[in-house]
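Below is one structure, written out as structure tokens; comments come after it.
Only the coordinates and a few stated rules stand behind these numbers; no lab work does. For clarity, every value in this text was computed on a predicted model and none was experimentally measured. Neighbour counts are summed over all protein chains in view; Cβ atoms, including those assigned to glycine, are modelled from backbone coordinates with ideal geometry.
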Amino acid sequence: MPLFDFSGNTAAGKDPVCTYTVFFSNARDASPERPILIIDNSAREWKHHSNGIFTNPIRRTSFEFKEDGGNLSADILRIDARFTSLLKWLGENHINVRLSGRNTEEGYAVYRIREIAFGGDKRLSAEDGFLQFMIDRLFASDAPSAEAEDEEQEEDGDGMKLTSIQSITDFLNCAGRTLPDNIRLWARRNLAVARSNEVTPEERRHAQRALSIMLNIRWKSNWFDSIDPVRAKEILDAELYGMESVKQRIIETIIQINRTHTLPAYGILLVGPAGTGKSQVAYAVARILGLPWTTLDMSSINDPEQLTGSSRIYSNAKPGIIMEAFSMAGQSNLVFIINELDKAAAGKGNGNPADVLLTLLDNLGFTDNYIECNIPTSGVYPIATANDRDLISAPLLSRFAVIELPDYTAEEKKVIFSKYALPKILRRMSMRDDEIAVTEDGLDAVVMMCSGTGIRDIEQAAEHMAANALYQIEVNGVSEVVFDGDAVRELLR
């Protein structure tokens, strides 16, 4: 698909000459086989590392190579559609860059572009690493559609953050199309406020802060790559003993994701007695999905403003916990682990925090009072935990697929203690397996002394016994400590 040259200049009343076409790619990095652009090398081959500027001499889209013998120009033949705005910007501002490429039959295939400075020449942005940041963002984005195109790895570019007005402006000009439409329009309006002299300094500061938060988030599509169910089962087995029905429900969810390549319409609600491993399962699912996660502890949230943020009319205004989670994750696809959902309705402030959760869970978008923009939530996967499902409101409960985690039997607790809890503690304390032994009646005593629900008290008992054994080994000089029923009862009483 042909495009006009960078400057749009004309000569002798003639229309600009278009010398390149665009191609559409969703590749996440570049190589000589998957280049960013291709430059004509029919007259001569270009060096592997070549310096110069994107320019438009004699009305042609080209690159001007700076070499010892002088400046030589060559036409651009093809460009990855995601990079046309960036190259246009580089050309308009005469930014000096270094290309890395390989000469092929098709042309000089460029797979890396880095900014360099010649003396006091102008830089693209005041922010160090901005160009690489931009390129990384463009690679992370999807190819624009043919219709959208008609509209207006040696370095880790995402190590920097957009904070200054200059870098924010450059980002919108170079990669505004990587943003969802509503966020792009929101950003333009807030940039106008941040640069305006007709508003208060406080309003400008809030607008710039909101821009920095939003533009440093990678707004991804809701497409999910396939997940290996075998690997998922291995992760669950490492975190959870038994409970095969629970694991099967989670694997069913993984298989559904693999078929649709999108997240299920409903999150997961893990219900069971305290200490049965609900949180462990939640974190395991986040690891399986390969997404960053954040936690919302509903027992400590008693005002919806903690979730939704405060309005910019206040000098001390700030985003809410949910928006801060997006900011910390640096992307829009993440897992929200909502602990103690059964306490979400216990609001003591001006409203009910549970009502805020409904907007987050509906996948229709979430609005933070500080940001003042609808945040896409199609890439958010909620995993909630609760001890008592009867305390959860019906509207909130209807947003989840409920998975019950039953308490463990006495025999299961013995296996958990001997095969999981105690070995884990011994590894952490750098103790050998042969330094501690627990007899059969000792296991019975452990289960009897730890008669509460869940396995948390079992894990605490393993910690206490290992610490006692280590003390006897170090102080009394014994080589092995054996815990029988009497020893366990004496220690854990």
A student asked for the Cα radius of gyration and Dmax of segment 342-485 in angstrom ought to give 23.1, 66
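Counting Lys and Arg as +1 and Asp and Glu as -1, what is the net charge of the other residues whose Cβ lies under 15 Å from the Cβ of residue 33? Walk me through the numbers on the way to the answer.
Working: positive: 28, 34, 78, 102, 112; negative: 29, 80, 105, 106.
Here the count lands on +1.
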Among 210-217, 383-390, 230-237, how do they line up by average Cβ neighbours within 10 Å per residue, starting with the highest?
210-217, 383-390, 230-237
Just to be sure I understand the model, the point goes 7 Å from the Cα along the line to the Cβ. What's the resulting residue 283 to residue 428 distance in nm?
1.0 nm
Within the under-11-Å Cβ sphere about residue 488, not counting residue 488, Lys/Arg +1 and Asp/Glu -1 give a net charge of -3
Towards the positive end of the charge dipole of the chain, with charges on Cβ (+1 Lys, Arg; -1 Asp, Glu), say which of 317, 272, 379 has the farthest Cα.
317
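Taking the Cα centre of segment 229-404 as the origin, how large is its charge dipole in debye, to the nearest 20, when only Lys and Arg (+1) and Asp and Glu (-1) carry charge on their Cβ atoms? Mind dumping the intermediate values first?
Numbers: 13 positive and 18 negative charges, 69 e Å.
Magnitude of the dipole: close to 340 debye.
Counting Lys and Arg as +1 and Asp and Glu as -1, what is the net charge of the other residues whose Cβ lies under 14 Å from the Cβ of residue 470?
-3
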How compact is segment 410-492 by the rule of thumb for globular proteins, expressed as Cα Rg over 2.2 N^0.38 Å?
1.00
Extension gain (nm, one decimal) between residue 173 and residue 260, 0.36 nm per residue minus Cα-Cα
27.9 nm
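Taking only Cα atoms of the chain, what ratio of Rg to Rh do you get with Rh as the Kirkwood inverse-distance radius?
Values: Rg = 29.6 Å, Rh = 26.9 Å.
Reported Rg/Rh (Cα atoms, Kirkwood Rh): 1.10.
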Suppose each label sits 7 Å from its Cα in the direction of the beta carbon; what would the residue 359-residue 311 distance come out to in nanometres?
1.3 nm
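Can you tell me the order of 20-29, 329-338 when each peptide is scored by its average per-residue count of other Cβ atoms within 10 angstrom, highest first?
For the peptides 20-29, 329-338, the packing ranking is 329-338, 20-29.
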Unit charges on C-beta of K, R, D, E only; dipole of the chain, Debye:
1420 debye
Kindly rank 401-412, 291-302 from highest to lowest mean number of other beta carbons found within 10 Å of each residue.
291-302, 401-412
Leading residue at positive end of dipole, the chain (Cβ point charges), from 173, 455, 19
19
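In units of 2.2 N^0.38 Å, what is the alpha-carbon radius of gyration of segment 229-404?
Its radius of gyration relative to the 2.2 N^0.38 Å reference: 1.03.
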Take the alpha carbon gyration tensor of segment 30-114, find the square roots of its eigenvalues, order them as a ≥ b ≥ c, and report rounded if a/c is under 1.5; if not, report prolate when a/b exceeds b/c, else oblate.
rounded
Return the distance in nm (one decimal) between the two label points of a simple spin-label model at residue 493 and residue 163, each offset 7 Å from Cα along Cα→Cβ.
6.1 nm
